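This report refers to the structure that appears directly beneath it.
The values are calculated or read from the model by the stated rules, or taken from the named source; none is laboratory data. Small disclaimer: the values here were computed from a predicted structure and weren't measured. Here Cβ is always computed from backbone atoms with ideal geometry, including for glycine, and neighbour counts include all displayed protein chains. The area values use the complete protein model at the heavy-atom level, side chains included, leaving out ligands, DNA and RNA. Shrake-Rupley method; radii C 1.70, N 1.55, O 1.52, S 1.80 Å.
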Amino acid sequence: MNGPRLLEVADLRVRRGEREVIRRVSLGVDASERVALVGPNAAGKSTLLAAIAGLLAPAGGAVRMGGRSLSTFSPREIARAIALVVALQEGAPKLSVLESAELGRYPHTGPFQGLSGRDRDAVNKAIAETCLQELAHRTLGSLSAGERQRALIARALAQEPKALLLDEPSAHLDIGHGLDLFALLTTIAARGVAIVAVIHDLVAAARWASRMIVLHEGEIVDDGPPGEVMKGEALGRAFGVTAIEARSPGEAAASTWRFERRAGG
Amino acid sequence: MGLLALGLAVSIGLALCLGAVRYTPLEVVSEGLRGLGLAASPALDEAHAIILGEIRLPRVALAALLGGALALTGVLLQTVFQNPMADASLLGVGSGAALGAVIAVKLGWSFDVFLALPAAAFVGALGASLVVYMVAENMRSSSLTSLILTGLAVSAFLSGVTSIVLIASEEFRVRAVFFWLAGGLEGRGFIHLGIACAIVIPACLAAAALHRPLDLLLLGETEARALGLNVPRMRLVLLALAALLSGATTSIAGSVPFVGLMAPHAMRGLVGPRASRLLPAAFLAGAILVVLSDLAARAISDRYDLPLGAITSLSGAPYLIHILRRTERA
């Protein structure tokens, strides 16, 4: 591929206190890619996401957006390019869905400018894309977990980012709402947004993603199409399990997976 | 918002009419028109006109302005500390102001130099909040916990020094300090109103201009940063504004507790958490609260003014217990 990739992480190292949580991680993500970042607990997934979003200063290496290092971006420039939906955020329960989405325009308006017609259009589009028109005036605190997650995604979409990062977006969602959420993310990716999501549920990750990255002890140990990564040795070693395909008759790809604990895993 | 503005107008009207000397609303209005040059004939004799125009009017205006400032301080600190119970004591403002006042009294400045006591209290308040922020910064942590604990430690330290200075002071000086600490607007006039306007109005306008960053902080630190807000810098700016507002209030009126908790809390329930609505609503509610409390402080007893701080505590403490009980149930 010619030219820089949309999002590039080069030799990134991130420290939390004395500990190096991310060790020489390199990866590139293109527009419309659906990347699932998986790994066991404390592998450094959320830290990597925060570093890509420019919230943690790297101890070494760089994150680049369109070939330009994030260290040369202002915080608002980063937020116009990359949106982050964090996990388990309590946020402001008394804000309405609409008010919350309007805050997503801050990177475009700054501290002193009000919302223009263009900003309102972006907010309305984000609310429509997440199917929240009916709930626009409900407070975040009154929503179900699934609706709330969509409201947070609406705020991120109002930023009009090129890359959308999500930290465990399907946590706390039941199966139906989980499927709806992944369908929504697929639609967003289809219009050119690169998505990187930390996902705990390996099966859901394999079904949704176009690419799967396994992070283990701060390093990328596998990166490729979900079908291959799931069967790979690296994922098994990282989680201490063996993934076994369960293919329905006549289907080319695995429709689901089951896992067995490895001896001594 | 219109109702609140009307409520403030009615409260100010009541506060102007009632007191040791009473006026009818008509007298107040015609005196006001005369003051504005819209009416020629005086409605009151000279003594009554002076009491209304030069004693009561600045006092009521000061009550409204300082009440609004206290409420705004509450909104700013509660947003910065992400805690609806935060108030100026977290910044060490009260104890800093008290130490400043005690030193001014101890050294005799307050008896010799006009406005030395409020000036010293203001310097103490600002100094204390500066120390709190610098210690927290030095710990290389802008975390809320370290700010809160530093505030408590600095407050305790300053209170300790204040107690030592008080013990070593003559009784009449201690009396002067206690009188000021109890909080009140007795004897405050146009000069105090002028000083308050010079600090409070620009600080309020600055807070209003920052309503969008304030909204972002509602989301929490990570979310606000992910949306492009420089959170540590914004916290510093908002703390500086809160220190200015509460320093000005404390230095002029002494300690007036609970207004910064009650007004924002009540208004958050009515107009929601967004700063563009909450700031003006809380300002108006704080102004109403202090105008009426000051009226009560003047009107309850014919013989002397009760401390304003005691009146706001009498309503504030039960309100706080009510909030806590409701929160527990929820």
Exercise. Round to the nearest 10 and give me the degree value, 0 to 90, for the angle of helix B:2-17's Cα axis relative to the longest principal axis of chain B.
Key: 50 degrees
Quiz item: Just how large is the dipole of segment B:1-105 about the Cα centre, in debye to the nearest 20, putting +1 at every Lys and Arg Cβ and -1 at every Asp and Glu Cβ?
Solution: 140 debye
Practice problem: Just name one of B:I199, B:H265, B:I164: the one whose Cα is farthest towards the positive end of the charge dipole of segment B:56-329 (beta-carbon charges, Lys/Arg +1, Asp/Glu -1). | Solution: B:H265
Quiz item: For B:L76, what charge total do you get from the other residues with a beta carbon under 12 Å from its beta carbon, if Lys and Arg give +1 and Asp and Glu give -1?
Solution: 0
Exercise. Before anything else, pin down the relative contact order of segment A:3-115: Cα pairs under 8 Å, at least 6 apart, normalised by residue count, whole percent.
Key: 26 percent
Quiz prompt | Residue-count net charge about A:R80 - beta-carbon cut-off 15 Å; Lys, Arg +1, Asp, Glu -1 | solution = +4
Self-check item: Residues in segment A:95-115 that, when all protein chains are in place, have 30 Å² or more less accessible area than the chain alone would give (probe 1.4 Å)
Solution: A:L95, A:E99, A:L103, A:Y106, A:P111, A:F112
Practice problem: Consider all pairwise Cα distances in the protein assembly as shown and report the whole-number % of them above 41 Å. | Solution: 39 percent
Practice problem: Please give the solvent-accessible surface of B:V123 in Å², to the nearest 10, using a probe radius of 1.4 Å with every protein chain present. | Solution: 100 Å²
Quiz prompt | Hits among aspartates and glutamates - C-alpha to C-alpha of A:K125 under 16 Å, sequence gap 8 or more where chains match | solution = A:E99, A:E102, A:E134, A:E160
Practice problem: Evaluate the charge dipole of segment B:56-329 about its Cα centre and quote only its size in Debye, nearest 20, assuming +1 on the Cβ of each Lys and Arg and -1 on the Cβ of each Asp and Glu. | Solution: 480 debye
Quiz prompt | Degrees between helix B:25-35 axis and first principal axis of chain B (Cα, 0 to 90, nearest 10) | solution = 90 degrees
Quiz item: Could you list, bin by bin from short to long, the percent of Cα-Cα pairs of segment B:56-329 in 5 Å steps?
Solution: 1, 6, 13, 17, 19, 18, 13, 7, 4, 2, 0, 0
Quiz item: Nearest 20 debye, what's the magnitude of the dipole of the protein assembly as shown about its Cα centre given +1 on Lys and Arg Cβ and -1 on Asp and Glu Cβ?
Solution: 540 debye
Quiz item: What does the charge count near A:E228 come to, summing +1 for each Lys or Arg and -1 for each Asp or Glu among other residues with Cβ under 12 Å from its Cβ?
Solution: -2
Practice problem: Taking chain B as the reference, fit the longest principal axis to its C-alpha atoms, fit the long axis of helix B:93-106 to the helix C-alpha atoms, and give the angle between the two in degrees, 0 to 90, nearest 10. | Solution: 60 degrees
Practice problem: Kindly report the accessible area of chain B per residue (heavy atoms of protein chains, probe 1.4 Å, no ligands, DNA or RNA), in Å². | Solution: 45 Å²
Quiz item: With solvent modelled as a 1.4 Å probe, how much accessible area in total do chains A and B shield from it at their shared surface, in Å² to the nearest 100?
Solution: 2000 Å²
Self-check item: Simple label model, 7 Å out from Cα along Cβ direction - B:A5 to B:S276, nm
Solution: 1.7 nm
Quiz item: Per the 1.4 Å probe, what fraction of the accessible area of segment A:1-97, in percent, lies on carbon and sulfur atoms?
Solution: 47 percent
Quiz item: Which percent of the accessible area of segment B:56-329 is formed by carbon and sulfur heavy atoms (probe 1.4 angstrom)?
Solution: 69 percent
Quiz item: So for A:K94, A:K45, B:K106, what's the accessible-area order with a 1.4 Å probe, most first?
Solution: A:K94, B:K106, A:K45
Quiz item: Computed FRET efficiency, Cβ-Cβ of A:E233 and A:S74, R0 51 Å: what is it to the nearest 0.05?
Solution: 0.75
Exercise. With r as the distance between the Cβ atoms of A:C131 and B:D45 and R0 = 51 Å, compute the FRET efficiency 1/(1 + (r/R0)^6) and round to 0.05.
Key: 0.10
Exercise. Could you do me a favour and compute the accessible area per residue for chain A, 1.4 Å probe, result in Å²?
Key: 44 Å²
Quiz prompt | Solvent accessible area, Å² - A:T72, 1.4 Å probe, full protein context | solution = 80 Å²
Self-check item: Directionally averaged shadow of segment B:189-269, computed from the convex hull of its alpha-carbon atoms, nm²
Solution: 6.2 nm²
Self-check item: Cross-link partners of A:K231 among aspartates and glutamates (Cα-Cα below 13 Å; sequence separation of 8 or more within a chain)
Solution: A:D222, A:D223, A:E245, A:E260
